[in-house]
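The values are calculated or read from the model by the stated rules, or taken from the named source; none is laboratory data. Here the structure is a predicted model, which means the values were calculated and not measured. Don't worry about glycine lacking a Cβ; one is built from the backbone with ideal geometry, like all the others, and counts go over all protein chains shown.
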Amino acid sequence: MFTGIVEAVGEVVSVTPRGESARIAVRSPLARELKLGESVALNGCCLTIAEPPAEELLFDAIRETLEKTALGDLEKGARVNLERAMAASARFDGHIVQGHVDEAGRVREWKKRGADVQLFVQTSREFAGQCVPKGSVTVQGVSLTIVGVADDGFDVALIPHTLEVTTLGDLATGARVNLEADVLGKYVRKYLERVLPERRA
């Protein structure tokens, strides 16, 4: 489990095809603190350390991961958000994040709002239906609070600190982004669909 609070920004050293999968190498100071088999959220996608870390973190991404998440767009030199799995004794910031990407949305628009920046993300109607104003959402592994919801997307406000310590400020209009809806909202919606089937969206 993760919290959506980015610990470090890494740099992709290489993406090497291996049949239908790929080996992703990332340079990060976290390499000194991680071990083989540990889980790391890479841009919000839970991956496993594939080899004992030295100077780089090595991950294997299968075909489905590459096709259904924005990890398939990674290239050498790209900056990525990294978060280690949460320790049981750690202080809980952000919100509950599983690292299971629901879909890859797209950056629709950026707007400047004083010192803050508003980011509009285009999604499927299904994903938008799981979003609520003031609720939580994960974008590229970053826990954010939703400002507004439309039929085909949502928007969030980014403070200068978030832009400084994550890669969200690197995103160009049209870029794909990994999205994960709030897991608590998913369970509530599933329960209501079972007990109130006539109200199903």
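Taken together, the residues in segment 7-25 that are outside any loop (DSSP other than H, G, I, E, B) and more than 16 Å from L66 (Cα to Cα) amount to 5.
Taking each residue of segment 112-134 that is within 30 Å of K190 (Cβ to Cβ) and looking for partners that are at pLDDT below 95 and not in a strand (DSSP E or B) with beta-carbon atoms closer than 6 Å, six or more apart or interchain, yields G129/A201; Q130/G185. The single residue among V156, V121, V149, V117 that is crowded, with 18+ Cβ neighbours inside 10 Å and within 19 Å of K68 (Cβ to Cβ) turns out to be V121. Taking segment 54-138 and the strands (runs of 3 or more DSSP E) fully enclosed by it, the elements with 1 or more residues that are β-branched (V, I, T) are at 79-84, 103-113, 116-122. Applying the criterion of being part of a loop (DSSP other than H, G, I, E, B) and more than 15 Å from the chain's Cα centre (by Cα) to the residues of segment 139-170, the residue that is nearest to E103 (Cα to Cα) is D152.
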